[in-house]
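J.: What follows is a single structure, and I will ask about it in a moment.
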Amino acid sequence: MVFCSWHFPDAGLDLLREMADVHVWEGPEGAPREVLLEELRHAAAILALPPTDRLDATAMEGAPHLKVISGFGVGFDYVDVPEATRRGIMVCNTPGTLTETTADQAWALLLAAARNVARGDRYVRRGAWKKYEPALLLGADVHGATLGIVGLGAIGRAVARRASGFGMTVLYTGRAPKPEAEAGVGATFRPLDDLLRESDFVSINCALTPETRGLIGPRQLALMKPTAILVNTARGAIVDGAALAQALQRGEIAGAGIDVYEREPVAPDDPLLACETVVLAPHLGSATHPTRALMARVAAENIVSGLQGRRPPFLVNPDVWREPERSSSPL
Ligand code: 8YV
């Protein structure tokens, strides 16, 4: 049996139904923890919803038949990968399916925050626009500014490529310089602190790992220009949310565009919700029809391959993979 913790797009579900008994959680949100644990008792594979589902040691302990954990997305911080590897469970993701779509969303938030799109929308809707005001909601110029990218992976590079149309200077940071990627997108390496000091816009595009958790805290925010804007379409926990809210409230940075949160859905009392200068989105990085359909298909293909004894196209923990033994020739 294959368990799907959400009603994923048919492009994926149909593929799974051709080869297995498929249980789909039909609730409007992802499956509750107790449902997940119950279904895992019988499942050979799960099509999981990151970052909501938690595939930790407890979940795997109660899943004696589980062979494949396939995430609907790229980030795999929702899985205890070493534990899965220890148990011989394949962990799969969907790289390449959402690169450009997520880069578009980073730009949507960057432009919205720079040019007060959401604030302007609220202003018009509440009937506050009574006369033309030349000094109303003045924003920041995007063209010609400096964009700092934290993490020059596939999405970071896609964000960088879009900057050339705006005539921007592009800086990036990461564990080490990446000369090839750098040449491809015209970006220049800087240590994180320098990038924060020099950038007008900072886009977070790295994975959430033990090293990047809390990477942008009070000290890093204080390094940013008071006119700077922070955009996060990666994972909420890379940025200290309370420190960000404080920096925005105090005007230590000019604004932010946030797609991801330390806790999702965001808590109703999250201090970010009270900040006028932040544009908030409910984790929409990959939320377009074609991208979500492609993600579902690739996530399902990972499962089909894994359960049929073929190496899944996108295996996060290759150590777990052993070629099935072939019968030796009798000659
Ligand atoms: C998805 C994501 O929206 O790929 C990821 O890591 O965070 C998003 O693109 C998410 O996985 C859907 O659950």
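J.: Of GLY165, GLY153, which residue is open to solvent by 20 Å² or more (accessible area, probe 1.4 Å), free of Cβ contacts under 8 Å to residues at least 60 places away in the same chain and closer than 30 Å to ILE46 by Cα?
T.: GLY153
J.: Here's something else I'd like to know. Could you pull out every one of the strands (runs of 3 or more DSSP E) wholly within the range 216-331 that has 3 or more residues that are crowded, with 21+ Cβ neighbours inside 10 Å and under 19 Å from the mean Cα position of the chain (by Cα)?
T.: 229-232, 255-258
J.: Just one of the numbered conditions (1) within 16 Å of the ligand (Cβ to nearest atom); (2) more than 21 Å from the chain's Cα centre (by Cα); (3) of a type outside the set (Lys, Arg) is not true of ASP10; which one?
T.: Only one criterion in (1) within 16 Å of the ligand (Cβ to nearest atom); (2) more than 21 Å from the chain's Cα centre (by Cα); (3) of a type outside the set (Lys, Arg) is unmet by ASP10, namely (1).
J.: Could you tell me which numbered condition LYS67 fails, if it satisfies all but one of (1) within 11 Å of the ligand (Cβ to nearest atom); (2) in contact (Cβ under 8 Å) with a residue 60 or more places away in the chain?
T.: Of everything listed in (1) within 11 Å of the ligand (Cβ to nearest atom); (2) in contact (Cβ under 8 Å) with a residue 60 or more places away in the chain, LYS67 misses just condition (1).
J.: Still on this model: Might you check whether a residue that is away from the ligand (no atom under 16 Å from the Cβ) and more than 24 Å from the chain's Cα centre (by Cα) occurs anywhere in the range 75-83?
T.: No, the range 75-83 contains no residue that is away from the ligand (no atom under 16 Å from the Cβ) and more than 24 Å from the chain's Cα centre (by Cα).
J.: Being under 18 Å from the mean Cα position of the chain (by Cα), open to solvent by 40 Å² or more (accessible area, probe 1.4 Å) and at pLDDT 95 or above is true for just one of ALA103, ALA108. Which residue is that?
T.: Only one candidate passes the filter, namely ALA108.
J.: While we're looking at this one, here's another question. Go through the residues of the range 131-147 one by one and say whether even a single one is open to solvent by 50 Å² or more (accessible area, probe 1.4 Å), in a helix (DSSP H, G or I), in the same structural domain as LYS225 (by TED's automatic domain parsing) and not acidic (Asp, Glu).
T.: no
J.: Then there's this: Taking the stated definitions as given, is HIS65 at pLDDT 95 or above and open to solvent by less than 80 Å² (accessible area, probe 1.4 Å)?
T.: Judged against the criteria, HIS65 is not a match.
J.: Hey, another quick one. Can you spot a residue in the range 36-53 that is under 26 Å from GLY236 (Cα atoms) and more than 16 Å from the ligand (Cβ to nearest atom)?
T.: Yes, the range 36-53 contains a residue that is under 26 Å from GLY236 (Cα atoms) and more than 16 Å from the ligand (Cβ to nearest atom).
J.: Moving on. From LEU284, LEU294, LEU273, which residue is away from the ligand (no atom under 14 Å from the Cβ) and of a type in the set (A, V, I, L, M)?
T.: LEU273 is the lone residue from the list that is away from the ligand (no atom under 14 Å from the Cβ) and of a type in the set (A, V, I, L, M).
The values are calculated or read from the model by the stated rules, or taken from the named source; none is laboratory data. Everything quoted here is computed from the prediction, not taken from an experiment. Quick reminder, even Gly has a Cβ in these numbers, built from the backbone with ideal geometry, and neighbours come from all protein chains shown. SASA here: full protein model, heavy atoms, side chains in, ligands and nucleic acids out. Shrake-Rupley method; radii C 1.70, N 1.55, O 1.52, S 1.80 Å.
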